[in-house]
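Worksheet for the structure shown next.
The values are calculated or read from the model by the stated rules, or taken from the named source; none is laboratory data. Just so it is clear, the structure is predicted and the values come from calculations on it, not from any experiment. We place every Cβ from the backbone using ideal geometry, glycine too, and count neighbours over all the protein chains shown. Note: areas computed on protein heavy atoms with side chains; ligands, DNA, RNA excluded. Shrake-Rupley method; radii C 1.70, N 1.55, O 1.52, S 1.80 Å.
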Amino acid sequence: MSLIDFTPNGMHVAAAGVHIDPWRAVDRAIITHAHSDHARAGMGSYLCQTQSVPILKHRLGNDIVVEGIPYGEVREVNGVRFSFHPAGHVIGSAQVRVEHKGEVWVASGDYKTTDDGITPPFEPVRCNTFITECTFGLPVYTWESQNIIFKEINEWWRANAAVGITSIISAYSLGKAQRVIANVDPSIGPILTHGAVEACNVAIKAAGVPLPHTIQLTPNTEKQLIKGALVVAPGSAMGTPWANKLRPFSTASASGWMQIRGWRRRSGVDRGFALSDHADWPGLNAAVKATGAQRVIATHGYTHQFSRWLNEQGIEATTEETAFTGDEAVTATETEGSS
Amino acid sequence: MQRFAQLIERMDATTSTNEKVQALTDYFELAPESDKLWTIALLSHRRPKRSLRTTDLKAWAAEEANIPFWLFDECHHIVGDLSEAIALVVPGDTNTDTGPLSEHIELVIALKQFDEAERHARVVDMWKRLDRIGRFVFNKLITGGFRIGVSQKLMVRALSKHTGVAEDELAHQLMGNWDPQSTSFHDLVNDRDGGTVRSRPYPFCLAYAVEVEVGTLGDPSEWIAEHKWDGIRGQLIVRDGELYVWSRGEELVTDKYPEYAVLRDALPNGTVLDGEILPWRDDMPLPFQLLQTRIGRKTVSQRALKEAPVALVAYDLLEWEGNDLRSESLAARRALLKELVQKIDLPVLRLSEEVGFTSWNELADERDRSREKRSEGLMIKRRDSEYHVGRKKGDWWKWKVDALTIDGVLLYAQRGHGRRADLYTDFTFAVWKGEELVPFAKAYSGLTDIEMKKVDAYVKANTKERFGPVRSVVPKLVFEIAFEGIGLSPRHKSGVALRFPRIHRWRTDKPIEEANSLQDLMDLIDARAKAAK
């Protein structure tokens, strides 16, 4: 038995009777972040990073039993020491450090290694075994800097606003949407939100993170306001009657998958911006190196390619199947929570 | 190069035709003459020949990216496009290059004169000097596969806006042989010298498929019908004692069909015919597969000449005694053509016979007999129509026979390329041969996006074996495969080859036991052979 086992319920720390991001109902769950493939309903109790608490409640209901502890604070269960460390993925996202009898494992959850301006940046944690995601574990995924991407987004929005067209950007309602809202140039025009995005904004503000002014789009929103505005909506709202009422418009998607021309074209949006909340190839490699881990377990994404590469670099690496998304079956329009 | 790369990026960023035309027009306004010329050439499929081996490019890219070859291969497969994969993995992004497009193309052309080491150095140097989109475009130039989402028609529209020359006239100007290295932009869009004019074909008039009940086309007497021959569309030109044969793809194919050489002397100067290049014996066309054995060969063997002799089945006369007849009525053009074919009286030149009919029902019966005549259906053309440039709706219609169909079982799947990279979209289908499933057709089009996702998920969840990019799957899904023709083929495992196979629909209602058999395919061939006799 290892310190963390991969079981049908999810990642299991048997010594403590605790699961990390379980995908089936268990008594005690430790949650890396509030995206739906990592934080599921039905657990007896939840432990997460402090800022995740209001977001988790928003997603899973106010009646869940949830406790938050700040980054770095140690919680001991049956002699196993747990602590959260910034993963830089979305607000409240954390890597889980697990220490028992001198052995240290870190489960990364989802993470990115660059600073997005609103999420506490990723901090590498030294460990013996590093369980890493690798959603974008191929060299073609090397992100442009956020500054360049937002310059492009602003240019697109500005050009649309100049001709009185609405700009609709599809971004996952938790995380990506707030990153977009916080980093675009608000002098171009008003920022309107889809209800699902606005609800996340409220939860994130409750977590103590300030966000720029946004207006929720309703049937009563004035036409004049919509013209030239930036509308931030989840991917599921694109192409629906809700979106079609905003005509004339230009559509865009903010997702790591937009890095590839074929995906961009297939997504059916006018513009694709490769803006990801996951680590890119250099990020994944830097993270693995910084942990000093002797062993790496790749969980979701291009696991086979990334582990083979690590083995060739002299780092022992294996793969494990999980229920986390972000694998090759995820398409550009279904990247909710994983891009 | 930057300006051109930006143009590609801008056209790529929109699905709107108008915006693409606008992007091109803006580009034409600003670009230097030589760049405009090359842009026109690239967008009309006149690209420099590939001067490098792709295996070399892959190796150089892997080396620059500091990754093993297998990992580059993975990247290539996920991206689905070699030029793009290289652009993404090779570091650079400094973008210090400010030279015009023509300079880069000159380098591409010059590459073949360099030795291996020099070529390597030049290409890598260029990669480092360009940003991602620039690298992508440069790679497209060196791999000779320049295809982006803009048709020649849109390019001509933008060029017309830029120059003020009418679209139809420009379309004609851009036809035929011209070399961006020796032509000037001015000469290209205005008038070219006699040497090139002599061989220049006219833009082909194209037809749309009939969308409505043919009965609604009105009075049958206003229409001319003929069979739609299953060959290669071609234009045959005799001017100044020279013969030129052009294919629909604007390829000069005179040497591929030596049978037509006799027409150089038989036809008077200033004659241009539009017709079908068809393998023909006695009074019947031969199966298209026979012609296929000749296509793609540089020199035609004696055997091919004997087994698949071609004739030109002419259906239009575009130029007569040096005069452009395209604005005359079809009836007048055909009358002249008929007279000409009769006078020449050579087996190599035949008239595409008019199908007489007095009612649309009568014509429908004739269409049902198309397969017996080895035609694909009928062409219906308005009697008083002029010969249009390109595809214009209303005067020319194609009325094809319904496709043949067979129910096949999905056996192998392969990931698509380009737009469909990462989805399993290229399939191999099989029919029963006793207890065994034998592959008989490959097809990749015909499913809706939603169906495609479902099949993709099935493939991923039901993979039996992997052979590189190909997966064999548990046989369970049945699809109706439509195709235009079928023939015996020793090169295929099943012994048959299909023409234009595609997925007609997903037969979710059928278990695999009810899929067709190889015998059913053989019966189709027999039935057609009998009908032809």
Open item on the list: Checking the conditions here, which among A:Met258, A:Met238 is aliphatic (A, V, I, L, M), within 14 Å of chain B (Cβ to nearest Cβ) and either in contact with a helix residue (DSSP H, G or I) (Cβ under 6 Å, 6 or more places away or on another chain) or without any contact (Cβ under 8 Å) to a residue 40 or more places away in the chain (or both)?
Closed with: A:Met258
- [ ] For the range B:496-522, name all the residues that are open to solvent by 70 Å² or more (accessible area, probe 1.4 Å), under 18 Å from B:Val438 (Cβ atoms) and among the acidic types (Asp, Glu).
- [x] B:Glu513, B:Glu514
Open item on the list: Kindly evaluate B:Lys493 against the criterion of being touching a Pro at 6+ places or on another chain (Cβ under 8 Å), more than 14 Å from chain A (Cβ to nearest Cβ) and open to solvent by 40 Å² or more (accessible area, probe 1.4 Å).
Closed with: yes
- [ ] Would you mind stating whether B:Ala403 is touching a Phe, Trp or Tyr at 6+ places or on another chain (Cβ under 8 Å), open to solvent by less than 60 Å² (accessible area, probe 1.4 Å) and aliphatic (A, V, I, L, M)?
- [x] yes
Task: Positions within the range B:52-69 being open to solvent by less than 40 Å² (accessible area, probe 1.4 Å), hydrophobic (A, V, I, L, M, F, W, C) and not in a loop (DSSP other than H, G, I, E, B), in sequence order - done: B:Leu57, B:Trp60, B:Ala61, B:Ala62, B:Ala65
Task: Residues being away from chain A (no Cβ under 14 Å) and either open to solvent by 20 Å² or more (accessible area, probe 1.4 Å) or of a type in the set (Asp, Glu) (or both) - total across the range B:70-126 - done: 21
Open item on the list: Can you list residue pairs whose Cβ atoms sit under 6 Å apart, with the first residue in the range A:261-272 being within 7 Å of another protein chain (Cβ to nearest Cβ) and the second being charged (D, E, K, R) and open to solvent by less than 30 Å² (accessible area, probe 1.4 Å)? Count only pairs 6 or more apart in sequence or on different chains.
Closed with: A:Arg261/B:Glu84
Task: Test for B:Leu42: is it open to solvent by less than 40 Å² (accessible area, probe 1.4 Å), in contact (Cβ under 8 Å) with a residue 60 or more places away in the chain and closer than 22 Å to B:Met155 by Cβ - done: yes
- [ ] Tally the residues that are surrounded by fewer than 20 Cβ atoms within 10 Å (Cβ to Cβ) and in a helix (DSSP H, G or I), restricting the search to the range A:173-203.
- [x] 7
- [ ] Please find, within the range B:473-485, the residue that is nearest to B:Lys400 (Cα to Cα) out of those that are open to solvent by 10 Å² or more (accessible area, probe 1.4 Å) and at pLDDT 85 or above.
- [x] B:Glu480
Open item on the list: So in the range A:205-220, with the set limited to residues that are touching a helix residue (DSSP H, G or I) at 6+ places or on another chain (Cβ under 6 Å) and open to solvent by 60 Å² or more (accessible area, probe 1.4 Å), which one is farthest from A:Gly92 (Cα to Cα)?
Closed with: A:Gln216
Open item on the list: Take the conditions part of a helix (DSSP H, G or I), exposed (fewer than 13 other Cβ atoms within 10 Å of the Cβ) and under 27 Å from the mean Cα position of the chain (by Cα) and apply them to B:Asp255. Does it pass?
Closed with: yes
- [ ] Return the residue satisfying two criteria in turn: it lies in the range A:293-325 and is assigned to a loop (DSSP other than H, G, I, E, B) and of a type outside the set (S, T, N, Q), and of such residues it is nearest to A:Ser2 (Cα to Cα).
- [x] A:Glu320
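Here's the yes/no breakdown for (1) closer than 18 Å to A:Ala206 by Cβ; (2) touching a Phe, Trp or Tyr at 6+ places or on another chain (Cβ under 6 Å); (3) not assigned by TED's automatic domain parsing to the domain that holds A:Gly208:
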{"site": "A:Gly10", "(1), (2), (3)": "no, yes, yes"}
{"site": "A:Thr32", "(1), (2), (3)": "no, no, yes"}
{"site": "A:Met43", "(1), (2), (3)": "no, no, yes"}
{"site": "A:Glu67", "(1), (2), (3)": "yes, no, yes"}
- [ ] Could you tell me whether any residue of the range A:6-25 is over 22 Å from A:Ile131 (Cα atoms) and either in contact (Cβ under 8 Å) with a residue 12 or more places away in the chain or part of a strand (DSSP E or B) (or both)?
- [x] no
Open item on the list: Can you tell me which of (1) within 13 Å of chain B (Cβ to nearest Cβ); (2) free of Cβ contacts under 8 Å to residues at least 12 places away in the same chain; (3) among the hydroxyl-bearing types (Ser, Thr, Tyr) is the one A:Ser145 doesn't meet?
Closed with: (2)
